[in-house]
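Inspection log for the structure reproduced underneath, given as structure tokens.
A short reminder: the numbers here are calculations on the coordinates, not readings from a lab. Remember, predicted model here, so these are calculated numbers, not experimental data. Here the Cβ positions follow ideal geometry from the backbone for every residue, glycine too, while neighbour counts run over all protein chains shown.
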There are 4 protein chains.
Amino acid sequence: MSVKADPARAVNPAAVADPVCRSLGIALEEVAAGRARLRMRISEDMLNGHGTAHGGYLFLLADAAFAYACNAHGPVAVAQSAQVTFLRPAAAGDELVAEAVERARYGRHGVYDVTVRRPAGEIVAEFRGQSVTVSGRPVETVSGRPRETTR
Amino acid sequence: MSVKADPARAVNPAAVADPVCRSLGIALEEVAAGRARLRMRISEDMLNGHGTAHGGYLFLLADAAFAYACNAHGPVAVAQSAQVTFLRPAAAGDELVAEAVERARYGRHGVYDVTVRRPAGEIVAEFRGQSVTVSGRPVETVSGRPRETTR
Amino acid sequence: MSVKADPARAVNPAAVADPVCRSLGIALEEVAAGRARLRMRISEDMLNGHGTAHGGYLFLLADAAFAYACNAHGPVAVAQSAQVTFLRPAAAGDELVAEAVERARYGRHGVYDVTVRRPAGEIVAEFRGQSVTVSGRPVETVSGRPRETTR
Amino acid sequence: MSVKADPARAVNPAAVADPVCRSLGIALEEVAAGRARLRMRISEDMLNGHGTAHGGYLFLLADAAFAYACNAHGPVAVAQSAQVTFLRPAAAGDELVAEAVERARYGRHGVYDVTVRRPAGEIVAEFRGQSVTVSGRPVETVSGRPRETTR
């Protein structure tokens, strides 16, 4: 895992690597302020009834890239809403890459685009997420019962 | 697992139970034409860096309910796009229930609403999905490399 | 124009009838806390290059219903984002009805669904909007340069 | 109005200029395959109850740019669905510019991004639209009752 972050806003990958990415083997290929690139291999457990990658996992990968990109600015940010368009199916064994790019920021809000591609480059899904900053503290290891945060 | 389907359009739960639902322990509480109710317990592996349920898994649960509801009509349907709003966090151990209801159908297309709730009823996420029917065959166990379907 | 509002949260229609509704002849058939029903006739000026109602005006009608429904609670609310699905075309002369219903509220936020129908009941568009309350004051006639509000 | 279209796929602006753009004074600054830039001045009739540009008109401008961009390929394309995020208000007198760019195409489908800006460049709205091609004929002047097209 290589993390090329803006040094001024560096993110400690160990601090942000979350249980979902660890359990699914999602690799953080790049995380910087407003940007992230993650990689995930589609396993047999990720298939739907049609035998293709479940849309839920395609969204999850995009959403994870979105979360790293918007939290890499420092203050804790959460997703308010997101929209996804599914273009092509992905198969078991496919190594998918999700690339998140910040499109706009205004006040505490941000808009991020994430493209999920097959290794050969064909687009599998296009995602757009809306984030909001909820505190000035960067994400850190949090234990116990989650707070009821206002989103 | 109890499945109360419209007998005229009954769905064989064994035929449609997909690898994702099996591996995550998602229970199909009800599946009928245009409707579905699924239940999933948030595990420690489903938490994000904030210590709450990852939005990807909240979407996945809603998307799975959407898929069962739109495929219960018979012909194979796939998701074209979806939008989700996150209202409140969910915690490890929460048993979330996703309820999908068909809102409209026109030609080969459908619009479905899915609400994800905590056991006490508070809404965790609101999802809306757009489906399209791709063939006249009902979903069955599919093996091998997925076809490149036009969505 | 008949306005059947919750008396406890009554809205003065004259106070909220905005320039857009006046100039387009949009009738406020019902406005109550969390609900609104508006009617608009498609004119020749509202057609696109295909000779059907422009999607922009279908959205505008839905968005106006959404705005009345979320502002009828009292405090000023604005739209943060919205999603629309176009199901069927509408023609010049069609009297369209948009019905907005609150789906969920949490903190300062709300989720609203709006269905736009032809007079015979066929659905033309399905809209979902996300609102946020920006102040405790109800909407009133505002003149001059708009404030830069944080949305 | 200057139209700088790809000569190989040139669009006759007179053929595509639709009633909505004519009646609102929307200028087509650029139309090419997969791209369009439109300009619209916010009039007093376009204000909402808050005294700022109605979200319906912000969406309409973006949707019009989307329509020109996806129809400039030749075959008739229509919008299936769209999502919009409102970032900042616009005021009466503001000359807004909407710039549409094709993000992806697959089969008969397309995904387009449209950014609406104030003259000084601040983003007012971010729009994403999903299109589908409905016939091989380019858009032309259409009169009379619209066909019931399958979208």
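Where nothing but the Cβ of Lys and Arg (+1) and of Asp and Glu (-1) is charged, how large is the charge dipole of segment A:28-142 around its Cα centre, in debye to the nearest 20? Walk me through the numbers before you get to the answer.
Numbers: 12 positive and 13 negative charges, 78 e Å.
Here segment A:28-142 has a charge dipole of around 380 debye.
Test of understanding: ordering C:V124, A:V78 by Cβ neighbours within 10 Å, fewest first, what list do you get? Don't jump to the answer; show the numbers that get you there.
Numbers: C:V124 25, A:V78 22.
Lowest count first: A:V78, C:V124.
Count charges around D:E99 for me, please; just the other residues with Cβ under 12 Å from its Cβ, Lys/Arg as +1, Asp/Glu as -1. Please report the intermediate quantities before stating the final value.
Working: positive: D:R35, D:R37, D:R39, D:R117; negative: D:E29, D:E30, D:E102, D:D113, D:E126.
Charge balance in the 12 Å sphere: -1.
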Please state, to two decimals, what the Cα-based radius of gyration of segment A:7-133 comes to when divided by 2.2 N^0.38 Å (N = residues). 1.02
To make sure I understand, if each residue's beta carbon is the centre and we count other beta carbons within 10 Å, what order do B:Y112, B:Y106 fall in, fewest to most? B:Y106, B:Y112
Going 7 Å from the Cα of D:R22 in the Cα-to-Cβ direction, what parts of segment D:49-67 have a backbone nitrogen less than 15 Å from that spot? none
Please compute the modelled spin-label separation between D:R41 and A:S43, points set 7 Å along Cα→Cβ, answer in nm with one decimal. 6.2
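Listing C:V20, D:V76, C:V116, C:V101 from the residue with the fewest other Cβ atoms within 10 Å to the one with the most, what is the order? Write out the running numbers ahead of the final one.
Details: C:V20 23, D:V76 20, C:V116 27, C:V101 15.
Placing the least packed residue first, the sequence is C:V101, D:V76, C:V20, C:V116.
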Can you find, among B:G34, B:A77, B:A65, the residue farthest towards the positive end of the dipole of segment B:28-88? Put +1 on the C-beta of Lys and Arg, -1 on that of Asp and Glu. B:G34
Would you mind checking which residues have amide H under 5 Å from C:A104's amide H? H placed 1.01 Å from N; only 5 or more apart, or other chain. C:V111
